[in-house]
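Worksheet: one structure, shown below.
The values are calculated or read from the model by the stated rules, or taken from the named source; none is laboratory data. Keep in mind it's a predicted model, so treat the numbers as computed, not measured. Quick reminder, even Gly has a Cβ in these numbers, built from the backbone with ideal geometry, and neighbours come from all protein chains shown. Just the protein is used for accessible areas: all its heavy atoms, side chains included, with ligands, DNA and RNA removed. Shrake-Rupley method; radii C 1.70, N 1.55, O 1.52, S 1.80 Å.
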Amino acid sequence: MNINAVENCCGCLLCKELCPKKCISVVKDDLGHLNPRIDTEMCIDCGICAKSCPEMTPISLNEISEVFAGWDKENTAREKSSSGGAATLIALKFVEGGGIVYGCAFVQPFGFKHIRCTDHESLERLRGSKYVQSDTQECWNLLRADLKEDRNVLFIGTPCQVAAAKRTFRNTENLYTIDLICHGVPSVDMLVNSLPKKLNKDEVSNVTFRDSTNFQLKFFAPGNNVIYTRPLHKDWYLKGFFTALYYRDSCYNCKYAQGNRTGDITLGDFWGINDCCIAKEEEKGISAIIINSEKGNILLSSINGQAKLLKRDSVEVKKGNKQLNHPSRKSIRTRLFKTFIKVFGFNTAVKMSLPEIAIKSLITGLRKK
Ligand SMILES: Cc1cc2nc3c(=O)[nH]c(=O)nc-3n(C[C@H](O)[C@H](O)[C@H](O)COP(=O)(O)OP(=O)(O)OC[C@H]3O[C@@H](n4cnc5c(N)ncnc54)[C@H](O)[C@@H]3O)c2cc1C
């Protein structure tokens, strides 16, 4: 059995890195998602790729033990983060304790990758959710080497990426993990297709997708100068993202989008919190902090002094967050989009696939004139 038999590839590409014959290459599908392909002439049928694959050989999951709503008390981590800033607070403490953190950053040439962070400066690049698939292939060998040397490692990523991290090395005693509640990932190609041709991508030094709870795409050049912004109502990429139009096929069948979790902690937005006393905190961003193991408790206790933590229950967090119950649903629109994009290009294809949203935004635009 080898990776060519995978039905639901999540694109972690751990198989490519672990292949002893280096006979796995990467090919793109129609929507720009990366997939492994084995050269069957070179393959020696060792089966390492299938055994390491988080889809073909799923990991055992952790049950939720406790749930908190939380945020950075001083607001410094929170302001630049996506929800309450919990990922940043935990990562900072982990590095201060001599550990190594892996997470997603913007990189040049234009893309998003998991990088290795050992100091505050590199951690700064992880802040904020990037609503695209992060390329993890280069991080696996570094992570294995760190674990081999008995270094403490914290890996932050989507649930399938965390499952892959747990597959990298047999002894994962020093591996701590945070999975994000995830509704699915588009490819970087989709984001690039949505950009105006005149935007010089080589100039970009960072990209953000939201300021706290306000979703807005922003591109920065060195010196933190904003060179491009796109508010949500004009953003066909984010509209397609929120309506699950062009995720990886595996996202619609994700075995990790459920109540039991891959990570020691699961982080997400605490949508629809049922507590009027903290309603005003919602617009600044509240993290859902879900503890799934003893290691999760250790990570949480490291930020006890810095984070405001309120105990909640799992029914409440599951009610506000569908991806703690089931994967995003694939609709006929995805199939239509795949046909439309080949003929009409990205923005028109999204509008044609989401006609009710396109008409609404046309009317809003006309009213504003
Ligand atoms: C693709 C995607 C889909 C998501 N869907 C949901 C959802 O449906 N419901 C929900 O409640 N929350 C969702 N989230 C999580 C949410 O947006 C926040 O990331 C989460 O609440 C953590 O916020 P924070 O303030 O603690 O993190 P921050 O302090 O802002 O740090 C962000 C962390 O996320 C990691 N990260 C950022 N982008 C990616 C990426 N593309 N791939 C892997 N890791 C990444 C970074 O490494 C960093 O550690 C999603 C995140 C992503 C990336």
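Using every pair of alpha-carbon atoms in the stretch 3-52, split the distances into 5 Å bins beginning at 0 and state the percent of pairs per bin, rounded to integers.
Computed distribution, short to long bins: 4, 22, 37, 23, 10, 4, 0.
Mind putting a number on the dipole of the stretch 208-325 about its Cα centre? Charges go on the C-beta only, +1 for Lys and Arg and -1 for Asp and Glu, and I need it in Debye to the nearest 20.
240 debye
Can you give the Rg to Rh ratio of the chain, both from alpha-carbon atoms, with Rh computed by the Kirkwood formula?
Rounded to two decimals, Rg/Rh equals 0.96.
Considering only protein heavy atoms and a 1.4 Å probe, what is the carbon-and-sulfur percentage of the accessible area of the chain?
Result for the chain: 51 percent of the exposed heavy-atom area is carbon or sulfur.
Take the cross-link list LYS21/LYS51; LYS218/LYS338; LYS255/LYS338; LYS16/LYS148 and give me the ones stretching past 22 Å between alpha-carbons.
Values: LYS21/LYS51 15 Å; LYS218/LYS338 26 Å; LYS255/LYS338 24 Å; LYS16/LYS148 19 Å.
The pairs that break the limit, which is 22 Å between Cα atoms, are LYS218/LYS338; LYS255/LYS338.
Pulled fully out, how much extra length does the chain show between SER331 and ASP119, if you take 0.36 nm times their separation in residues and subtract their Cα-Cα distance?
On the way: separation 212, 0.36 × 212 = 76.32 nm, distance 4.30 nm.
Gain in length upon complete extension: 72.0 nm.
If you put +1 on each Lys and Arg Cβ and -1 on each Asp and Glu Cβ, how big is the dipole of the chain around its Cα centre, in Debye rounded to 20?
Rounded to the nearest 20 debye, it is 1440 debye.
Quick one: check the C-alpha center-to-center distance for the stretch 144-176 versus the stretch 250-306, whole angstrom.
20 Å
Among LEU300, LEU362, SER287, whose Cα sits farthest toward the positive end of the charge dipole of the stretch 254-369 (+1 at Cβ of Lys/Arg, -1 at Cβ of Asp/Glu, about the Cα centre)?
LEU362
Any idea how far apart LYS308 and ASN171 come out in nm if each label point goes 7 Å out from Cα toward Cβ?
Calculated label separation equals 4.4 nm.
With every protein chain kept in place and ligands, DNA and RNA left out, what is the accessible area per residue of the stretch 3-52? Probe 1.4 Å, answer in Å².
Working: 2550 Å² over 50 residues.
That works out to 51 Å² per residue.
If you restrict to DSSP beta bridges whose two residues both lie in the chain, what percentage is antiparallel, to the nearest 5?
Once the DSSP bridges in the chain are tallied, antiparallel ones form about 75 percent.
Between VAL107 and ASN225, what's the calculated FRET efficiency when r is the beta-carbon distance and R0 is 22 Å? Round to 0.05.
Using R0 = 22 Å, I get an efficiency of 0.75.
Express the Stokes-Einstein translational diffusion coefficient of the stretch 256-369 in µm² s⁻¹, to the nearest whole number, given a Kirkwood radius over alpha-carbon pairs, 25 °C and a viscosity of 0.890 mPa s.
D = 138 µm²/s.
Out of residues 5 or more away from ASP211 or on other chains, whose amide H comes under 5 Å of its own, with H placed 1.01 Å from N in the peptide plane?
For ASP211, whose amide H was placed from the backbone, the distant partners under 5 Å are GLN216.
Express the accessible area of the stretch 227-369 per residue in Å², computed with a 1.4 Å probe while the remaining protein chains stay in the model.
It amounts to 51 Å² per residue over the stretch 227-369.
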